[in-house]
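Trainee: My questions will all concern the structure given below.
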Amino acid sequence: MSALLEVDSISVSFDGFRAINNLSFNIGEAELRAVIGPNGAGKTTFMDIVTGKTRPDKGDVKFGTPSKSLLKMNEAQIAREGVGRKFQRPTVFEDQTVAENLTMALKAGRNPFAVLGWRPSKASVARVADLAAEVGLAAQVARKAGELSHGQKQWLEIGMLLAQEPRLLLVDEPAAGMTLAEREQTTALLVRLAETRAVVVVEHDMDFVRRLNCKVTVLHQGSVLAEGSLDHVTRNPDVIEVYLGR
Ligand SMILES: Nc1ncnc2c1ncn2[C@@H]1O[C@H](COP(=O)(O)OP(=O)(O)O)[C@@H](O)[C@H]1O
Ligand SMILES: [Mg+2]
C-alpha cells in the first residue's frame, strides 16, 4: 500500500529543546491511526508540522499521489491540498444554526471571489443535509450551535471540516470533556470516516483508543517508541515504562 502522508526523518527544536527528533510516520489512503504518548511527547507539534504551522529543521513531509512536499506550502495551501485539522476546542459559531455553520464551511472552501453574491444552491442545501447526517446531527440542523452539547459541537466541527473534503483528517484529543455515550459515538464516527479517507487521532483515553481498533503509534520524546496493534504496543516494556506504568 502506498502512503498518502509520508513524514520522513523530521526534527524540530524550540530554543535548543528537541520537541521532534528524527520522526518518521506513514499513513495510507483510507487508514485510521491512533497516536498516543505522554504529555510533551510531541503529538501536537507533529500535527503542527503536517499542517504547516511549524516548520521542521530537517526532514520532509510528502502528501498525495503523486506526492508533493508540504514544506514548500503555507497553511492555507496545505488545507487546499486536502489536510483538515480538528483542534481540541470547538470553534463553531454559537449564534448560527447547525445548517448555517455547515453552509459557511462549504462557502469557505470556494474561491474567495465566488463568495461574493453567493446564495445557497439546491446542491449545497442537499450537501449540508448530508454532512449533518454524516456526523449524526440530522435532527439538530435547525438548532443554534450554542445549544448543542460539547460532544455535538465537536461533531459539528468535524462536519465543517468534511465540507472541505479532506483526504487526511487530523484530530487532537477528541474525547476530552465528552460523556461516555458521546465518546462511543465519536469512535464510531471516526471509524466510519476512515473508510474513505485517512484519519489520525491523538488520544489519551485508552478505552477510546481500543474502540478505534486500529494501528497505534506511540510517541516519546519526539520519536516513535513503538507501533502496531494496541495489544502489541501495550505489552512493549519501553511503552509500559514511559507511558503506562505510572
Ligand atoms: N511553540 C513552542 N515553543 C516552545 N516549545 C514548544 C512549542 N511547542 C511545543 N513545545 C514543546 O515541545 C514539547 C512537545 O509538545 P507537544 O507537541 O505539545 O506535546 P504533546 O502534544 O505530545 O503533549 C513540549 O515540551 C512543549 O513544551
Ligand atoms: Mg498535545
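Trainee: For a quick check of your reading of the filter: which GluC sites (Glu not before Pro) in region 163-246 sit in a DSSP loop and have no more than 14 other Cβ atoms within 10 Å?
Mentor: On the way: sites: Glu182, Glu184, Glu195, Glu203, Glu227, Glu241; in loops: Glu195, Glu203.
Of the GluC sites (Glu not before Pro), the ones in loops of region 163-246 whose Cβ has at most 14 other Cβ atoms within 10 Å are Glu195.
Trainee: Kindly identify region 8-95 as rounded, prolate or oblate by the Cα gyration tensor criterion: order the square roots of the eigenvalues as a ≥ b ≥ c, call it rounded if a/c is under 1.5, otherwise compare a/b with b/c, prolate if a/b is larger, else oblate. Don't skip to the answer; put the middle values down first.
Mentor: Details: a/c = 1.45, a/b = 1.12, b/c = 1.29.
Cα axes put region 8-95 in the rounded bin.
Trainee: With 21 Å as the limit, write out which pairs from Lys43/Lys153; Lys153/Lys215; Lys86/Lys153; Lys62/Lys153; Lys107/Lys144; Lys43/Lys215 have Cα-Cα distances beyond it, or answer none. Provide the component values of the computation, followed by the final result.
Mentor: On the way: Lys43/Lys153 23 Å; Lys153/Lys215 27 Å; Lys86/Lys153 12 Å; Lys62/Lys153 31 Å; Lys107/Lys144 19 Å; Lys43/Lys215 16 Å.
In this structure, Lys43/Lys153; Lys153/Lys215; Lys62/Lys153 lie more than 21 Å apart at Cα.
Trainee: Further question: Given a Förster radius of 25 Å and the C-beta distance between Gln96 and Arg210 as r, what FRET efficiency does 1/(1 + (r/R0)^6) yield to the nearest 0.05? Display every interim value, and only then the final one.
Mentor: Numbers: r = 36 Å, r/R0 = 1.43.
That gives a FRET efficiency of 0.10.
Trainee: Where both residues lie in the chain, what percent of DSSP beta bridges are antiparallel, nearest 5?
Mentor: On the way: 21 of 38 bridges.
That works out to approximately 55 percent antiparallel.
Trainee: Shifting gears a bit: Given +1 on the Cβ of Lys and Arg, -1 on the Cβ of Asp and Glu, and no further charges, what dipole in debye does the chain carry about its Cα centre, rounded to the nearest 20? Walk me through the intermediate numbers first.
Mentor: Details: 30 positive and 30 negative charges, 132 e Å.
Dipole size: approximately 640 debye.
Trainee: With a cut-off of at most 14 other beta carbons within 10 Å, and DSSP calling the residue loop, which trypsin sites (Lys or Arg not before Pro) in region 4-95 qualify? Please list them. Please report the intermediate quantities before stating the final value.
Mentor: Working: sites: Arg18, Arg33, Lys43, Lys53, Lys58, Lys62, Lys68, Lys72, Arg80, Arg85, Lys86; in loops: Lys53.
Of the trypsin sites (Lys or Arg not before Pro), the ones in loops of region 4-95 whose Cβ has at most 14 other Cβ atoms within 10 Å are Lys53.
Trainee: Taking every pair of distinct Cα atoms and averaging 1/r, then inverting, what Kirkwood hydrodynamic radius in Å comes out for the chain? Spell out each step's value before the answer.
Mentor: On the way: mean 1/r = 0.0532 Å⁻¹.
Computed over Cα pairs of the chain, the Kirkwood hydrodynamic radius comes out at 18.8 Å.
Trainee: Calculate for the chain the 222 nm mean residue ellipticity that helices alone would give, adding -39,500 (n - 2.57) per DSSP H run of length 4 or more and normalising by residue count, nearest 500 deg cm²/dmol. Before the final figure, lay out the partial values.
Mentor: On the way: 9 runs with 83 residues, N = 246.
When only DSSP H runs of four or more count, the value is -9500 deg cm²/dmol.
Trainee: So which residue, out of Val233, Val200, Val209, gets the largest mean-square fluctuation from a GNM of the chain using Cα contacts under 10 Å as springs?
Mentor: Among Val233, Val200, Val209, the largest GNM mean-square fluctuation belongs to Val233.
Quick note: the coordinates plus some simple rules give every number you see, no bench work behind them. Keep in mind the model is a prediction, meaning the values are calculated, not measured. Because the Cβ atoms are built from the backbone with ideal geometry, glycine has one as well, and the counts that use them run over all protein chains shown.
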